[in-house]
2 protein chains.
Amino acid sequence: MQHNQTTLLVTGQDLQQIIFNIGLDSLMDQLIEETYLALVNYDPSDCVMNRRSGYNYTEPAEGLVEWMPIRQISKDQVVIKVVGYHPRNPEQYQVPTIISTISKYDTRTGHLSALIDGVLPTSLRTGAAGAIASKLFGYSQSQSLGLIGCGAQAVTQLHGISRVFDLKQIYYYDIDELTSQSFVARAAMLDLDCEFVPMSINEIVRESDIISTATSIGIGEGPLFAELPTKEWLHINAIGSDFPGKFELPFSFLENSYVCPDWIDQAVIEGECQNLESHQIGESLSHCLKEANTFEHLKNSRTVFDSTGIALQDLVSSKIILEHAERLNIGQRVQIESASLDEKNPYAFIKRLKKS
Amino acid sequence: MQHNQTTLLVTGQDLQQIIFNIGLDSLMDQLIEETYLALVNYDPSDCVMNRRSGYNYTEPAEGLVEWMPIRQISKDQVVIKVVGYHPRNPEQYQVPTIISTISKYDTRTGHLSALIDGVLPTSLRTGAAGAIASKLFGYSQSQSLGLIGCGAQAVTQLHGISRVFDLKQIYYYDIDELTSQSFVARAAMLDLDCEFVPMSINEIVRESDIISTATSIGIGEGPLFAELPTKEWLHINAIGSDFPGKFELPFSFLENSYVCPDWIDQAVIEGECQNLESHQIGESLSHCLKEANTFEHLKNSRTVFDSTGIALQDLVSSKIILEHAERLNIGQRVQIESASLDEKNPYAFIKRLKKS
């Protein structure tokens, strides 16, 4: 059997081509649907996730480089997202805070079968997760979404949640005046029929049905607000906590809410769950989706989705992207790994040269 | 400051171009020299290695996919080699047992700055390590090299060791008759003035000054030979042990030799050191090189280099390759990560479309 040895490169530009072909809403809907199915059918004996690990540092800039591996046994694949988080990127280099790529390996041979931009998929899949959690835990008549932190992730939170709720008011705040001012223009391309209202954090916490927090608050500088009166059904997607010592929500709020982590092992290290005892932490999102009836009553009480980001989401987004890329013939095939003129001779190419 | 967002791809074919430019011997010499310097100057507070981890399995084929990360603080970089080991590859797919790629990340931003074929570099750097260990521990007048296992790694073991010893006899054996028969032709391109003698494993063990074992012996099927009389100064590079349960050398041989692992933490899990108590394990290669005078006497006694492969070697080979690629203008620059028309708007490209 001859083995295809090329790697399919799907760049950021290729992803744009895919979106121009299928539409942004349709891609988000597909991500929400397939991520939901992956979570509700999650079988840890088929999809084996390793807790992400990596290097984090304060020099040359506060940041980290992490790898998030997952093996899907039934599909003969390992998918590894390598992700950098460097909050000073926008200001210092005019590049996104989160930069990443997703690699797919064939477990029959070890071959790198695809390499995909991870920047746009990470935003999209985080928006999709926010939508899934909001749908599960949010008040079913929710009309107002509060966004605390108006960077790249706020755009996809708004997008994802707008696909599952008929939003009427968007309340938004960013500590950076320019980021706050530019938000409405950035959100405009979603063509939502919503009122956009700039507010203080405290007003957002008081007024919203659903909130997504996605800030770059510094390590040890949280929470974003003190305990405040809220709607009794307020659901918060806590997106920004993804670093040891970084958290966004006050302990008193967490303590009096049902807190659902995406993955407890990871959330207790870098999510909001860092601040909680185990008895204060609810079931994982996958578990709650599997037993949705049991958790139905939570739609009317305070809930938190502690989103740290899991490899299963990247597995789903890479699958969707690669299907579209292959169907639409988008992307470039490159022979990266040394080809096997003679698989037992790393120098076989020299023989070839000498003969010619 | 504008940040270069492209990734330099250096494929197997690009590596061939580099070798055609600089010469294979010169590349091996540079690898030996720079790997030696990296080991002798190794400072774990500058080069932070994570023990490799990964997935290993028996279905769809016996194999593993592992990641080997290293952060070099002084160079603002993280280098991760992802490596697959699938011993049935040659027979089943006509591709090498070891398939891999090396990725380099900039710790200022998290950007993937380079992606390099890892197949050829892995063979080369393993040959270089064999040369360094043989030079340190081998009898200084060594003339005979025994090769047990004549696959891809045997070629670079021979190449590396031939750069530091004036070899006269090459004794070789492979369990597969065809692999054994083709070995001399494969080695021919090294233009060595040596006699090649096919032998049994036992003859090789008796007759050689230096041996490199690089077999695909199965898990739990070792060792390759029983205790035998050997030259009193025999040095063995044990290359093939790189999997839990896989080992090549008999316990009685290890027990009566000085055993130097490349990295003890890893060697006790997947190297020959799996079979040893801690008091039977010597210092690491880096330590022995730093204190070479102390270990001088070992040149005249039995020694084993337990080579599992460490990320520091891949760091060195990626550095050398990228320097040559940039100097010779070899390789392709690809913008893989989503570009930042607006680093706070993952959908900025859609705005652009609407305007055009």
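The values are calculated or read from the model by the stated rules, or taken from the named source; none is laboratory data. Predicted, not measured: the structure shown is a model, and the values here were computed from it. As a convention, Cβ positions derive from the backbone with ideal geometry for all residues, glycine included, and neighbour counts pool all protein chains shown.
One line per residue, one yes/no per condition, for (1) surrounded by 14 or more Cβ atoms within 10 Å (Cβ to Cβ); (2) of a type in the set (D, E):
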site: A:Q30; (1), (2): yes, no
site: A:T35; (1), (2): yes, no
site: A:D43; (1), (2): no, yes
site: A:V48; (1), (2): yes, no
site: A:T58; (1), (2): no, no
site: A:A61; (1), (2): yes, no
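Give me the pairs: first residue in the range A:66-90 and within 7 Å of another protein chain (Cβ to nearest Cβ), second residue of a type in the set (K, R) and assigned to a strand (DSSP E or B), beta-carbon distance under 6 Å, and six or more apart or on different chains, which are they?
Between residues of the range A:66-90 that are within 7 Å of another protein chain (Cβ to nearest Cβ) and residues that are of a type in the set (K, R) and assigned to a strand (DSSP E or B), the close pairs are A:V78/A:R71.
Could you tell me how many of the residues in the range B:165-177 are touching a helix residue (DSSP H, G or I) at 6+ places or on another chain (Cβ under 8 Å) and over 14 Å from B:C194 (Cβ atoms)?
The total comes to 2.
Select from the range B:275-297 the residues that are polar (S, T, N, Q), over 22 Å from B:P44 (Cα atoms) and crowded, with 17+ Cβ neighbours inside 10 Å and list them in ascending order.
Across the range B:275-297, the qualifying residue is only B:N275.
List the number of the failed condition for A:L9; all other conditions in (1) within 11 Å of another protein chain (Cβ to nearest Cβ); (2) more than 26 Å from A:T109 (Cα to Cα) hold.
A:L9 satisfies all of (1) within 11 Å of another protein chain (Cβ to nearest Cβ); (2) more than 26 Å from A:T109 (Cα to Cα) except (2).
Please go through the range A:298-351 and pick out each residue that is in the same structural domain as A:I80 (by TED's automatic domain parsing), of a type in the set (D, E, K, R) and surrounded by fewer than 24 Cβ atoms within 10 Å (Cβ to Cβ).
A:K319, A:E323, A:E326, A:R327, A:R333, A:D342, A:E343, A:K344, A:K351 - these are the residues of the range A:298-351 that are in the same structural domain as A:I80 (by TED's automatic domain parsing), of a type in the set (D, E, K, R) and surrounded by fewer than 24 Cβ atoms within 10 Å (Cβ to Cβ).
When residues of the range B:81-114 are filtered for being out of contact with any Asp or Glu (no Cβ under 7 Å at 6 or more places or on another chain), among the charged types (D, E, K, R) and farther than 26 Å from A:P96 by Cβ, how many remain?
1
Would a scan of the range B:116-134 turn up a residue that is at the interface with another protein chain (Cβ under 9 Å from one of its Cβ atoms), within 26 Å of A:D117 (Cα to Cα) and surrounded by fewer than 24 Cβ atoms within 10 Å (Cβ to Cβ)?
Checking the range B:116-134: not a single residue is at the interface with another protein chain (Cβ under 9 Å from one of its Cβ atoms), within 26 Å of A:D117 (Cα to Cα) and surrounded by fewer than 24 Cβ atoms within 10 Å (Cβ to Cβ).
What pairs can you find where one residue is in the range A:115-138 and of a type in the set (D, E), the other is in a strand (DSSP E or B), and their Cβ atoms are less than 7 Å apart, with a gap of 6+ or different chains?
Filtered contacts from the range A:115-138: A:D117/A:V10; A:D117/A:T101.
Having 1 or more residues that are more than 27 Å from A:L15 (Cβ to Cβ) and touching a Gly at 6+ places or on another chain (Cβ under 8 Å) is the bar; report the helices (runs of 4 or more DSSP H) wholly within the range B:282-354 that clear it. First the steps, then the outcome.
Working: elements: B:285-290, B:292-295, B:311-328.
In the range B:282-354, B:285-290, B:311-328 are the helices (runs of 4 or more DSSP H) which contain 1 or more residues that are more than 27 Å from A:L15 (Cβ to Cβ) and touching a Gly at 6+ places or on another chain (Cβ under 8 Å).
From the residues in the range B:152-167 that are of a type in the set (S, T, N, Q) and at pLDDT 95 or above, which one is farthest from the chain's Cα centre (by Cα)? Steps first, answer last, please.
Step one: list which residues in the range B:152-167 are of a type in the set (S, T, N, Q), which gives B:153, B:156-157, B:162.
Subsequent filtering for residues that are at pLDDT 95 or above retains B:156-157, B:162.
On the way: B:T156: 9, B:Q157: 10, B:S162: 16 Å.
For the range B:152-167, the residue satisfying everything is B:S162.
Condition check: modelled with pLDDT of 95 or more and within 18 Å of the chain's Cα centre (by Cα). Does A:S26 satisfy that?
Values: modelled with pLDDT of 95 or more: yes; within 18 Å of the chain's Cα centre (by Cα): yes.
In short, yes.
When the residues of the range B:63-87 are narrowed to those that are of a type outside the set (G, A, S) and over 21 Å from A:I336 (Cα atoms), which ends up surrounded by the most Cβ atoms within 10 Å (Cβ to Cβ)? First the steps, then the outcome.
Start the filter on the range B:63-87 by keeping residues that are of a type outside the set (G, A, S), which leaves B:64-73, B:75-83, B:85-87.
So of that shortlist, the ones also over 21 Å from A:I336 (Cα atoms) come out as B:70-73, B:75-77.
Working: B:I70: 21, B:R71: 24, B:Q72: 20, B:I73: 17, B:K75: 15, B:D76: 17, B:Q77: 20.
Checked the range B:63-87; the qualifying residue surrounded by the most Cβ atoms within 10 Å (Cβ to Cβ) is B:R71.
Which one of the conditions (1) at pLDDT below 95; (2) at positive phi does A:P346 fail to meet, given that it meets all the rest?
Of the numbered conditions (1) at pLDDT below 95; (2) at positive phi, the odd one out for A:P346 is (2).
Every residue, every condition in (1) among the polar types (S, T, N, Q); (2) over 30 Å from B:E34 (Cβ atoms); (3) more than 16 Å from the chain's Cα centre (by Cα), yes or no:
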site	(1), (2), (3)
B:G127	no, no, no
B:A131	no, no, no
B:Q169	yes, no, yes
B:F183	no, no, yes
B:A187	no, no, yes
B:D193	no, no, yes
B:I210	no, no, yes
B:G218	no, yes, yes
B:L234	no, no, yes
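Answer with yes or no whether A:S212 is touching a residue at least 12 places away in the same chain (Cβ under 8 Å) and farther than 27 Å from B:F349 by Cβ. Let's see the steps before the verdict.
Values: touching a residue at least 12 places away in the same chain (Cβ under 8 Å): yes; farther than 27 Å from B:F349 by Cβ: no.
No.
Taking A:L254, is it in a loop (DSSP other than H, G, I, E, B) and assigned by TED's automatic domain parsing to the domain that holds A:D209? Working first, answer last.
Numbers: in a loop (DSSP other than H, G, I, E, B): no; assigned by TED's automatic domain parsing to the domain that holds A:D209: yes.
Criteria not met by A:L254.
Considering only the range A:99-123, state which residues are out of contact with any Gly (no Cβ under 8 Å at 6 or more places or on another chain) and part of a helix (DSSP H, G or I).
A:P121, A:S123
If I filter the range A:91-114 down to residues being facing chain B (nearest Cβ under 7 Å) and among the aliphatic types (A, V, I, L, M), which single residue comes out as surrounded by the most Cβ atoms within 10 Å (Cβ to Cβ)?
Taking the candidates together, the pick is A:I99.
Within the range A:48-65, which residues are more than 15 Å from B:V65 (Cα to Cα) and either among the hydrophobic types (A, V, I, L, M, F, W, C) or more than 9 Å from every other protein chain (Cβ to nearest Cβ) (or both)?
A:R51, A:R52, A:N56, A:T58, A:A61, A:E62, A:L64, A:V65
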